[in-house]
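One structure is given here, and the rest of the page talks about it.
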Amino acid sequence: MDQPKTANGRGGTSLIWIIVAGLAIIVGGVAIALLTPYVLPTVGSAEAQQVDDLFRFMLALGGMIFLLVQGAILFSVIRFRVRKNDYSDGPPIQGNTTLEFIWTVIPAIIVVVITIYAYTVYTNIRAEKPNEQEVAGLGQRFAWTFTYAVPAEAVPATVDQSRIPDEVQTVLDTEGQVTFSSPQLHTWVGQPMHVLLESEDVNHAFWIPGMRVKQDLLPGRVTDIRFTPIEAGVYRIVCAELCGGGHGDMAGQVTAKGELIGAWLVVHQDEETYLREFWSPEAASVLNPPEDPVERGRALIQNYPCSGCHRLSDLGWTSVTGPSLDGIGSRTQRLSATGAASIEDYVHTSLREPAQYVVPGYSPLMPQFNDSPDEANYMPEDQLEAIVAYLSTQ
Ligand code: HEC
Ligand SMILES: [Cu+2]
């Protein structure tokens, strides 16, 4: 039997229920959005804050729509369920212009607001910042190499300028800069970073989850990415584009001993700590090399991306894309197989012309290390000799 509805009877109560449901939906959507700190990685950069705010905003809207739709379904299932012995059909309904208008206009407004907000965040993040630190990031199968160019006058006082190798002098002369490379990206809190990304071979994607930045690398094109760290710490760098069998080695790794190898972003507390703990030792290993070639080679090899592909227990490397370098110094069977005159010769050629001796069972993925600063993977001859001396003792 139909109950007569009056404006101030049932109508009044249902209006209250609509308001209560509306509030529950809004509070529920916001509550869902506030869960992000529990599911997202540490917020390590100024950009991460903006990206997370945008994400939370969209999550709150999405959460509200989710609750509205699910609530309406649940309400209808209960409120309008079939009564016992009721075989009648529902009333035929033919369109409802008001409803259609509302459900077109509201989503349109939401999409426009999100577009404007997202575009603002995107342009903010990509905008050039004052005093940026520029670092070149090279992606190749399967390692990252970061090259730091530092004005010659910034060379630390501990570096004996008279012992700077010739090759570095050349770089000093032509561009007034000293460059050195590292598989790790170092900076300090509050320093805006500008990383110029180039790929040596296929598409890669440079991703630091803690900074909320990700950028594709496209062969033959320089792409770039910016971020300003706000929290000291160590953040994993990941390749987010499947690039071959050793793709997983393009992410920072932790050895069983707890050492960090491969690609990591290290954010130091301040510039002084950065210079003391990273720049000075790394630059010094290039600019002020130890006399003993084996020691020198051991220091220098860590500036190259070898750890992304090779195992070498002495340095805690564990990758398996290339053959293990443990015991490479006594691998004399390779000499007879290739006709190399000595192990030194063999290792030298393996780096300068890797295609000459491809180790059986491996793909020819070893990058060629060239002796001209104009070519990719520049490795000065005297550095190569030191690295060969070091590897031959393994
Ligand atoms: C992108 C991956 C990759 C990187 C980076 C890489 N290698 Fe290799 N390397 C390989 C592969 C694959 C082979 C085996 C195929 C070949 O011989 O070309 C190899 C072979 C070698 C060999 C010969 C090994 C043997 O058992 O005969 C030596 C020596 C070597 N690499 C040294 C290095 C050094 C030193 C570096 C850093 C300066 C380096 N590699 C960087 C992938 C890599
Ligand atoms: Cu990759």
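Bear in mind that the values in this text are calculations on the coordinates, not laboratory data. Not measured: the values here are computed from a predicted model. A quick note on method: Cβ atoms are made from the backbone with ideal geometry, for glycine too, and the neighbour counts reach across all protein chains shown.
Numbers at a glance
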read-out	value
At least 20 Å along the helix axis (C-alpha) and Kyte average at least 1.6, DSSP helices within the chain	10-33
Proximal charge balance of G220 [Cβ under 13 Å; K/R count +1, D/E count -1]	-3
Spatially proximal aspartates and glutamates relative to K214 (Cα-Cα < 15 Å; intrachain offsets below 8 disregarded)	E47, D52, E198, D224, E241
The range 323-394: GluC sites (Glu not before Pro) in DSSP coil with no more than 15 other Cβ atoms inside 10 Å	E375
Electrostatic dipole magnitude of the chain [Cβ: Lys, Arg +1; Asp, Glu -1; Cα centre; debye, to 20]	3000
Gaussian network model of the chain, Cα within-10 Å springs - most flexible of D216, D314, D249	D314
All aspartates and glutamates inside 17 Å of K84 as judged from Cα atoms, apart from same-chain residues fewer than 8 positions distant	D2
With at most 13 other Cβ atoms within 10 Å, longest stretch of the chain clear of loop chymotrypsin sites (Phe, Trp or Tyr not before Pro) (DSSP)	88-361
Gaussian network model of the chain, Cα within-10 Å springs - most flexible of L15, L217, L351	L15
Listed residue (Y235, T338, I102) projecting farthest to the positive dipole end of the chain, Cβ model	I102
Exposure rule at most 15 other beta-carbon atoms within 10 Å, DSSP loop trypsin sites (Lys or Arg not before Pro): the chain longest free segment	258-394
Residue of V112, V347, V254 that the Gaussian network model of the chain assigns the largest fluctuation, springs spanning Cα pairs under 10 Å	V112
Gain on full stretching of the segment that runs from F55 to D374 - 0.36 nm per residue minus C-alpha separation	110.5 nm
Label-point gap, in nm, between I110 and S330 - each point 7 angstrom along Cα→Cβ	6.9
Mean residue ellipticity (222 nm) of the chain, computed from DSSP H runs ≥ 4 via -39,500 (n - 2.57), nearest 500	-12500 deg cm²/dmol
40 Å tail of the calculated P(r), the chain, as % of Cα pairs	37
Amide H contacts under 5 Å for H186, placed H, 5+ residues apart	V266
Rg ratio (alpha-carbon, reference 2.2 N^0.38 Å) - the range 253-394	1.10
